[in-house]
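Since the structure comes first, as structure tokens, the remarks are kept for the end.
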Amino acid sequence: MSKLYGVPLSPMVRKVLLALEIKQIDHELVPVTPFMKPEGFEKISPLKKIPAWEDNKVTLADSTVICEYLEDRYPEQALYPKMPEEKAKARWFEEYADTVMLPVLGTAFFERVAKKLINQPADEVKVQEILQTKLPQICVYLESQVPETDFLFGGDLQLADIALATHFINLAHAGVQIESVEYPVLSAYIDRLFQHPAVAHRIAEDKKVFGGK
């Protein structure tokens, strides 16, 4: 059985989980948190980061590397566009999500949600600074990039959409919604993401961790 190491509340682990669900790949989720890693974990993930992946052929770390491997090994239900220029753009959105969105949206989630789970107080000053200065920059850019209908590359949810969705899910868990008046295209796009069956399922699974139904 293939194994994914990590926890679903991690946006990077969630990205891989969504790819696995859409591709319908059997796997076992092995719980590993950023705070508690099993002995020898560096043999699977040299940087000791989650997610990590192990199957009968490889051990891999990094969500992007894992997803590209899954796409190559299981090409059914493609998660990348076929045209080179669109594939390059898809990889850009994934890079933007991982390097620009994660520090901003991830901080709001860490302060308001993750710290609560480990009984630590949130630094609300830090959260407000990010929400007022950095989040608007992301929203302005994505408002100009996302489509008014469907998803980034047509009617099917692909990895570029997943890469954005996973961070907006954590932002929503932190109690922050993108204003539909100020960012109507982005807000509607996020609504479509959250309504996709695979994404909606992941959100429901997250809520179980918080004690919701």
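The values are calculated or read from the model by the stated rules, or taken from the named source; none is laboratory data. Remember, predicted model here, so these are calculated numbers, not experimental data. So basically every Cβ, Gly included, is an ideal-geometry build from the backbone, and we count neighbours across all protein chains shown. Keep in mind that these areas ignore ligands, DNA and RNA; they rest on the heavy atoms of the full protein, side chains included. Shrake-Rupley method; radii C 1.70, N 1.55, O 1.52, S 1.80 Å.
Some points to look at:
- Here the chain is treated with +1 on each Lys and Arg Cβ and -1 on each Asp and Glu Cβ, and its dipole about the Cα centre works out to around 660 debye.
- Sites matching GluC sites (Glu not before Pro) across segment 53-100 that sit in DSSP coil, with at most 10 neighbouring C-beta atoms within 10 Å: 76
- Per residue accessible area in Å² of segment 45-130, where ligands, DNA and RNA are left out and the probe is 1.4 Å: 57
- Check: segment 94-185 dipole with +1 on Lys, Arg Cβ and -1 on Asp, Glu Cβ, in debye: 500
- Note that segment 125-133 has calculated 3J(HN,Hα) couplings of 4, 5, 4, 5, 4, 5, 5, 8, 10 Hz, one per residue in order, obtained from phi through the Karplus relation 6.51 cos²θ - 1.76 cosθ + 1.60 (θ = phi - 60°); glycine and proline are x.
- Cα-based shape type of segment 22-123, given that a ≥ b ≥ c are square roots of the gyration tensor eigenvalues and the cut on a/c is 1.5: oblate
- Taking the protein heavy atoms of the chain in the context of the full set of protein chains, the accessible area attributed to carbon and sulfur is 54 percent at 1.4 Å.
- Relative contact order of the chain, taken over Cα pairs closer than 8 Å and 6 or more residues apart, is 21 percent.
- Highest average packing first - 13-25, 180-192, Cβ atoms within 10 Å: 13-25, 180-192
- From helices alone, the chain scores -15000 deg cm²/dmol at 222 nm; the rule is -39500 (n - 2.57) for each run of n ≥ 4 DSSP H residues, then divide by the residue total.
- In terms of the mean number of neighbouring beta-carbon atoms within 10 Å, the peptides 59-67, 117-125 order highest first as 59-67, 117-125.
- Farthest towards the positive end of the charge dipole of segment 1-108, among the residues 35, 46, 75, is the Cα of 35, using unit charges on the Cβ of Lys, Arg, Asp and Glu.
- Alpha-carbon Rg/Rh ratio, for the chain, with Rh computed the Kirkwood way: 0.95
- Most fluctuating residue given options 46, 147, 136, as computed from a GNM of the chain linking Cα atoms under 10 Å: 46
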